[in-house]
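A short worksheet on the structure shown next.
The values are calculated or read from the model by the stated rules, or taken from the named source; none is laboratory data. Here the structure is a predicted model, which means the values were calculated and not measured. All Cβ positions, even for glycine, are placed from backbone atoms using ideal geometry, and neighbour counts span all protein chains on display.
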């Protein structure tokens, strides 16, 4: 004889409510913790933003978090660093270097990557291994020989040491990134182009390069960010004040000898200098994530 | 247009240890449609790629027309190739995809436009010219790939399994379209496929490869009706040919084939056709019988009991147009493995599978015992050792 199966719907509902409440409570606790961590992380940034918006004398004088007087004076004074020398010049310098570095990296790294990914030539794997090896070499090891070399050929205090290497496929990481991407493109596409009569150059220019757009975008974005933020090499190779770039110019606000430093102007210009990187990143975010996702780089 | 000649074409890998294609010799006439068919890994695509110049030739020679092309660059061979994946350039429009080889050849713009429009008209692609390949269906993509091939007006078309990415219905349609296009254009075509239906329906001749070795090259009808060996016999035809070990027994003027416990009388016509059988008296041979040559005895008036055997039905597959019936017979199956081997389906213990094709009207049921008549006039005979066909 079959047993009669019964259940209490009210009890089931009560149990479901209890579980729901517990889940919400856990969620609330987690969010409070995360917001607290976020606050700690963001505090210096918020402090800098607020300091840029308060009078110079108040920055270290007033311990309050919110300024007593709001002002944009720091931005105006900061931009006109001294005399005719304004940040307009530094931005132009930075953008020229960034633009040339991007063009150089895109052309040279993609050509080198095409050769490694698609062509067959003697010593390919040996050269590829050497190229990968250069990625593991610390920048500081190369610094002095490179500086002496550029000094000897008279390139110091010009933008050439910052640009020319980019046109010679100097960034092994970007070559590697593009090699990986190009290898993932179907071989048949290129074979079809071979049968259609395309030369090496036509295959690279008309087939492989347009299809490598996500990898090219990733390279462009990272080159921009790296070059724009590159303080060190711009500091050592560009010595004239009117050739300086934004990160190097920011240093001019501080007087390391203990004289008067303009922290208000510094904070204001640091804030402004974040703009291009943020804008470039946001504008190319979609392509960037696509490129990174395709490569499995996280 | 041009003929294609392959002479002892060989491809080896790993320093000669691995032979993908062995001494392949073929004479493909001007305007002919030749299908290279064989199971996966038999070397048919490698052979095609050697004709295209995409694969280095280890040994042998390729002629296109009168030109020896072994060392000629693919672009100078006057060929066009259609790939399995179509290899359409995804960043270009359909127009640019078709125009690409002409642009590369630096043809005048108006001539390119005229040719692209003409190809688009032939392939009914006029309305899709501005789209990207990603916005097209499988069949349309296939047509674009064809367009890119015909627009150059090459001497030879090379096609590497161009229909294998399509669904069954579209494949049938495109099969007919390609065959009719080739007929209209009259361009020499080498077509690679693993699908025997494509091979049988499209080609003027079919070349069957196994492990890189040419097994038979002949018209589809001859390949089907006069297979040169057991491999060809088992590969072509679906369901595959039934192959069994048998013995020839002579009783005066009469020659019989002992198939398990059955003794089938060999008709005089067969004896004349397969004159070579006289050398096999008392020896073990392999006999082959196609499923359609096995019919229900009850449907034939005055069926000779000497041609009939009784067997139990182990599986019935009603296809609508006909019925495929699996029977268990007490003959010893010959071990010829083909791509569509049915060894996994069980038959009665101690029995061998025998597949028959009955008419749609048949109402045989699973487990039923039926008497079937074997059309002994259409039986095939193969040497037990070499597997080669025994004929005159």
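Below is a table of values for the structure above.
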read-out: Residue match in the range B:166-176 (condition: under 30 Å from residue B:25 (Cβ atoms), more than 14 Å from every other protein chain (Cβ to nearest Cβ) and touching a helix residue (DSSP H, G or I) at 6+ places or on another chain (Cβ under 9 Å)); value: yes
read-out: Tally, over the range B:119-153, of residues that are on the phi > 0 side of the Ramachandran plot and in contact (Cβ under 8 Å) with a residue 60 or more places away in the chain; value: 0
read-out: Evaluation of residue A:206 against (1) at pLDDT 90 or above; (2) more than 14 Å from chain B (Cβ to nearest Cβ) (one fails), failing number; value: (2)
read-out: Leading residue by the ranking (surrounded by the most Cβ atoms within 10 Å (Cβ to Cβ)) among those in the range A:70-85 that are more than 17 Å from residue A:274 (Cα to Cα) and in contact with a helix residue (DSSP H, G or I) (Cβ under 7 Å, 6 or more places away or on another chain); value: A:81
read-out: Residue in the range A:178-191 that is farthest from residue A:103 (Cα to Cα), counting only those that are more than 7 Å from chain B (Cβ to nearest Cβ) and in a helix (DSSP H, G or I); value: A:187
read-out: Helices (runs of 4 or more DSSP H) wholly inside the range B:214-296 that include at least 1 residues being in contact (Cβ under 8 Å) with a residue 40 or more places away in the chain, crowded, with 20+ Cβ neighbours inside 10 Å and out of contact with any strand residue (DSSP E or B) (no Cβ under 9 Å at 6 or more places or on another chain); value: none
read-out: The one condition in (1) touching a helix residue (DSSP H, G or I) at 6+ places or on another chain (Cβ under 8 Å); (2) more than 10 Å from every other protein chain (Cβ to nearest Cβ) that residue A:194 fails to fulfil; value: (2)
read-out: The range B:122-149, subset modelled with pLDDT under 90 and over 14 Å from residue B:88 (Cβ atoms), residue surrounded by the most Cβ atoms within 10 Å (Cβ to Cβ); value: B:122
read-out: Every residue from the range B:70-94 that is at the interface with chain A (Cβ under 9 Å from one of its Cβ atoms) and under 11 Å from residue B:53 (Cβ atoms); value: B:73, B:74, B:75, B:76, B:77, B:79, B:81
read-out: Condition check for residue B:60: within 23 Å of residue B:218 (Cα to Cα) and touching a residue at least 12 places away in the same chain (Cβ under 8 Å); value: yes
read-out: Residue among B:335, B:377 that is modelled with pLDDT of 85 or more, closer than 18 Å to residue B:289 by Cβ and not in a strand (DSSP E or B); value: B:377
read-out: The range B:185-200, residues that are closer than 25 Å to residue B:122 by Cβ and either in contact with a strand residue (DSSP E or B) (Cβ under 9 Å, 6 or more places away or on another chain) or in a strand (DSSP E or B) (or both); value: B:185, B:187, B:188, B:189, B:190, B:191, B:192, B:193, B:195, B:198, B:199
read-out: Test: residue in the range B:95-118 that is on the phi > 0 side of the Ramachandran plot, buried (at least 16 other Cβ atoms within 10 Å of the Cβ) and either more than 33 Å from the chain's Cα centre (by Cα) or within 13 Å of chain A (Cβ to nearest Cβ) (or both); value: no
read-out: Answer residue from the range B:32-55, given it is touching a helix residue (DSSP H, G or I) at 6+ places or on another chain (Cβ under 9 Å) and surrounded by fewer than 19 Cβ atoms within 10 Å (Cβ to Cβ) and is nearest to residue A:188 (Cα to Cα) among those; value: B:55
read-out: Evaluation of residue A:175 against (1) surrounded by fewer than 17 Cβ atoms within 10 Å (Cβ to Cβ); (2) away from every other protein chain (no Cβ under 14 Å); (3) farther than 30 Å from residue A:251 by Cα (one fails), failing number; value: (1)
